[in-house]
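The values are calculated or read from the model by the stated rules, or taken from the named source; none is laboratory data. Worth saying up front: this structure is predicted, and the values here are computed from it rather than measured. Please note: Cβ atoms are built from the backbone with ideal geometry, for glycine as well, and neighbour counts cover all protein chains shown.
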Amino acid sequence: MRVAMNAHPRRIRLKPWLIAQVNSNQYPGLQWVNPERKLFCIPWRHATRHVPTQDDENTVFKAWAKETGKYNEGVDEPDPAKWKANLRCALNKSREFKLIYDGTKDTPMQPYKIYEVCPGPQPDGDSQAGEEQGGCLGEEEEELQKMTMLTIAVTDLEIKFHYRGRQASSLTVSNPHGCRLFHSSLAPTREQVALFGPVTLEQVRFPEAQHIANEKQRFYTCQLLDAMDRGLILELQGQDIYAIRLCQCKVFWTGPCAAPAPPGPNPIERERKIKLFSLESFLNGLILFQKGQTSTPPPFEIFFCFGEEWPDHKPKEKKLITVQVVPVAARILLEMFSGELSWSADSIRLQISHPDLKDRMVEQFKELHQLWQNQQSLQGPPALAPGPDAWAMQASSMQQ
C-alpha cells in the first residue's frame with residue numbers, strides 16, 4: 001500500500017518548504033549567511049554512489065526526495081546523486097530562487113552553494129515538485145550534454161605508427177574531412193578519386209623502414225609498405241569516424257565499434273565503409289560510467305594491424321606494422337569528467353596524519369574565512385579579515 005500511495009510525486013511548493021528547512025537548523029551546513037538579503041548556504045558535496053555514506057543520511061536532498069514522494073525509505077534503493085539532482089533541478093527551474101555563488105569547484109574539500117530567495121509571489125505552478133518529474137539530468141550528464149551542444153567535432157586524430165612494438169612516428173591530424181594513411185610516391189589528384197580518395201583528405205605517409213636494425217624485419221616491413229599505394233582512408237562524418245580500405249595490403253582492426261570479443265581476426269573488407277567510432281555512443285557510455293552503472297570507462301582507441309591477422313594469440317607488439325588512432329575529443333572528455341576515477345587507489349600512498357583537535361579548528365577557520373570573504377563580496381568594499389581570536393569565538397559559537 002505504501003508504494004501505491006506514493007507512486008506519483010506530490011506537488012509541494014518549494015519556497016516555503018525550503019525556507020522552513022533552513023530555519024530548522026536540523027541539516028548540517030544548511031543555514032542563512034545573510035538573513036537580511038535572504039541568502040542561505042547549502043552544502044553540495046559530490047555524490048555518485050547509490051549506497052549513501054553516513055554524511056548522506058541527514059541531508060536536505062534526501063528530505064526533499066521524501067517530501068515529494070520520490071523516495072520511500074525502506075522501500076526504494078538509496079540514491080544520493082539522484083536526490084541532489086532532483087533538488088538542483090527544482091531550484092534551477094524556480095523563479096523564486098537565484099544562484100548567487102557556486103563553490104563546488106572553488107572549495108573542493110567542503111563544497112557549497114549560496115542561493116538568494118527572490119521576493120514577491122509567483123504564478124501558480126511555479127516551484128512545485130510535480131513540474132520537474134519529467135526527468136532531471138544528473139550534473140555529470142548535464143555537463144556532457146553542454147559539451148555536445150558546443151558542437152564538439154571529432155576533427156583531431158592522434159595517430160601513432162609502430163613497427164614491431166616500437167614507435168616509428170606520431171602526429172595529430174586536424175582536418176574536418178579526415179586523412180589517408182598510405183606509402184607511395186604517387187600524389188592524389190582530382191581525376192583519380194576512385195583510386196586514392198578525395199584530395200581534401202590529409203595525406204599521411206607511413207614512416208620509412210630504413211631505420212629498422214633487424215634485416216628480416218626490415219625486409220617484410222618493406223614488402224607490406226609496397227602494397228599500401230592506395231592507402232587506408234579515415235573519414236570523418238559528423239561525430240563519427242569511418243574507415244575505407246583501398247590498399248592491397250590487408251588490414252585488421254579493433255575499436256569501440258568492433259564486434260565484442262570476436263572469435264578470431266577482424267578484417268576490413270576492401271573498399272567497404274565501416275564505422276570505427278561514434279561520439280554519441282561514447283558519451284552514453286561515459287554517462288553510465290559516471291553514474292556507476294558500468295565498472296570501466298567506454299573505449300575510444302582504435303588499433304589497426306597491417307598485413308597480419310589480428311586479433312590472434314600474438315600481442316600487437318609482435319606485429320610488423322600497427323597504427324593507433326585516438327579521437328582527441330573523446331580523450332579530453334574522459335579526462336574532464338572522470339579522469340580522477342582512472343587513478344588506482346593503490347597507485348600513490350599518501351602519508352597524512354589523522355586530524356587532531358587543532359587540525360579541525362584550522363578547518364573551521366578556513367570555512368569561516370571563506371564564508372566571510374563571500375559576505376564581503378556581496379555586501380560591499382572589502383574589510384580586514386578577522387584575526388584568529390575572532391575566528392575562534394565564531395567557531396565556538398557555531399559549536400554551541
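Odds and ends about this structure:
- Ala213 vs. criteria part of a loop (DSSP other than H, G, I, E, B), small (Gly, Ala, Ser) and farther than 23 Å from Pro315 by Cβ: no
- Of all the listed residues (Pro188, Pro176, Pro207), the sole one being surrounded by fewer than 13 Cβ atoms within 10 Å (Cβ to Cβ) and either in contact with a Leu (Cβ under 7 Å, 6 or more places away or on another chain) or not aliphatic (A, V, I, L, M) (or both) is Pro176.
- Of the residues examined, Leu39 is one that is over 24 Å from the mean Cα position of the chain (by Cα), modelled with pLDDT of 90 or more and crowded, with 17+ Cβ neighbours inside 10 Å.
- Summed over region 178-229, residues that are of a type in the set (Lys, Arg) and over 38 Å from the mean Cα position of the chain (by Cα) total 3.
Quick grid of which residues meet (1) in contact (Cβ under 8 Å) with a residue 60 or more places away in the chain; (2) under 14 Å from Phe306 (Cβ atoms):
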| site | (1), (2) |
| --- | --- |
| Leu195 | no, no |
| Thr200 | no, no |
| Gln210 | no, no |
| Cys222 | no, yes |
| Leu232 | yes, yes |
| Ala258 | no, no |
| Gly264 | no, no |
| Lys273 | no, no |
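- Test for Arg218: is it surrounded by 15 or more Cβ atoms within 10 Å (Cβ to Cβ), of a type in the set (D, E, K, R) and assigned to a helix (DSSP H, G or I): yes
- Filtering region 43-80 to residues that are at pLDDT below 90, touching a helix residue (DSSP H, G or I) at 6+ places or on another chain (Cβ under 8 Å) and not in a loop (DSSP other than H, G, I, E, B) leaves Asp56, Pro80.
- Qualifying positions in region 221-257 - assigned to a helix (DSSP H, G or I) and aliphatic (A, V, I, L, M): Leu224, Leu225
- Test result for Ser169, modelled with pLDDT of 90 or more and part of a loop (DSSP other than H, G, I, E, B): no
- Total residues in region 273-298, condition at pLDDT 95 or above and either of a type outside the set (Lys, Arg) or over 23 Å from Val328 (Cβ atoms) (or both): 3
- The one condition in (1) at pLDDT 95 or above; (2) at positive phi that Pro207 fails to fulfil: (2)
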